[in-house]
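Please find one structure pasted underneath; my questions will follow.
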Amino acid sequence: MLNRFPNTFTLEDIRKLYYLRWGIESGFRDLKYTMGLVNLHGKSDYFAEQEMYAAMTMFNFTGRIAREAVIRQPEEGIHAYRVNFKMAAALCRE
């Protein structure tokens, strides 16, 4: 497929758009794999929809809990520690 407007976006524009999209893609990945939406268990559309809403509710709850967690950072460390979302989801599920 040819680009109809070859000079519309600069490389810097594409980088910015990709950066903006990255958080959304990561969220969908976490929702799909961490919350178990790879395979839906409901046999009807209604139950599949109910399962997706339950997973999204759990996803939002886990995100809220993970954001509120206090993580002590090492004094001389160069990397910032953060919450492992998959582990947080497992703990919230329990």
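The values are calculated or read from the model by the stated rules, or taken from the named source; none is laboratory data. The structure displayed is predicted, hence computed values, not measured ones. Using ideal geometry, Cβ is built from the backbone for each residue, glycine included, and neighbour counts are taken over all protein chains shown. To get the accessible areas, we keep the full protein, side chains included, count just its heavy atoms, and leave off ligands, DNA and RNA. Shrake-Rupley method; radii C 1.70, N 1.55, O 1.52, S 1.80 Å.
How large is the Kirkwood hydrodynamic radius of region 43-85, in angstrom, based on all distinct alpha carbon pairs?
12.9
Let me have the 222 nm mean residue ellipticity of the chain computed from DSSP H runs of 4+ only, each contributing -39500 (n - 2.57), with the sum over all residues rounded to the nearest 500.
So the calculated ellipticity at 222 nm is -18500 deg cm²/dmol.
Moving to a separate point now. Which percent of Cα pairs goes in each bin when the distances of the chain are cut into 5 angstrom slices starting at zero?
Bins of 5 Å from zero give 2, 11, 15, 15, 14, 13, 10, 9, 8, 4, 1 percent of pairs.
State to the nearest 20 debye the size of the charge dipole of the chain about its Cα centre, where the only charges are +1 on K and R beta carbons and -1 on D and E beta carbons.
Approximately 140 debye in magnitude.
Measure off 7 Å from each Cα along the Cα-to-Cβ vector at ARG29 and ASN60, then give the distance between these two points in nanometres to one decimal.
Distance between label points: 2.4 nm.
Same structure again: What length, rounded to one decimal in nm, is gained on full extension from GLU94 through to LYS16, with 0.36 nm per residue of separation minus their alpha-carbon distance? Mind dumping the intermediate values first?
Values: separation 78, 0.36 × 78 = 28.08 nm, distance 3.86 nm.
Here the segment from GLU94 to LYS16 would lengthen by 24.2 nm.
Of all the accessible heavy-atom surface of region 10-64, with the other protein chains kept in place and a 1.4 Å probe, what percent is carbon and sulfur?
Answer for region 10-64 is 63 percent, counting heavy atoms of protein chains only.
Sticking with this structure for a sec: For region 76-87, in order, what is each residue's ³J(HN,Hα) by Karplus, 6.51 cos²θ - 1.76 cosθ + 1.60 with θ = phi - 60°, in whole Hz (x at glycine and Pro)?
10, x, 9, 10, 8, 7, 8, 6, 7, 5, 5, 5
Work out how much length ASN84 to PHE9 would gain on full extension: take 0.36 nm times their residue separation and subtract the Cα-Cα distance, in nm to one decimal.
Fully extending the segment from ASN84 to PHE9 adds 23.4 nm.
Let me check something: with ligands and nucleic acids excluded, how do GLU68, GLU51, GLU94 order by accessible area (1.4 Å probe), largest to smallest?
Numbers: GLU68 120, GLU51 45, GLU94 180 Å².
Correct descending sequence by accessible area is GLU94, GLU68, GLU51.
Among the trypsin sites (Lys or Arg not before Pro) within the chain, which fall in a DSSP loop and have no more than 11 other Cβ atoms within 10 Å of their own Cβ? Walk me through the numbers on the way to the answer.
Values: sites: ARG4, ARG15, LYS16, ARG21, ARG29, LYS32, LYS43, ARG64, ARG67, ARG72, ARG82, LYS86, ARG93; in loops: ARG4, LYS43, ARG72, ARG82.
Passing sites in the chain are ARG4, LYS43, ARG72, ARG82.
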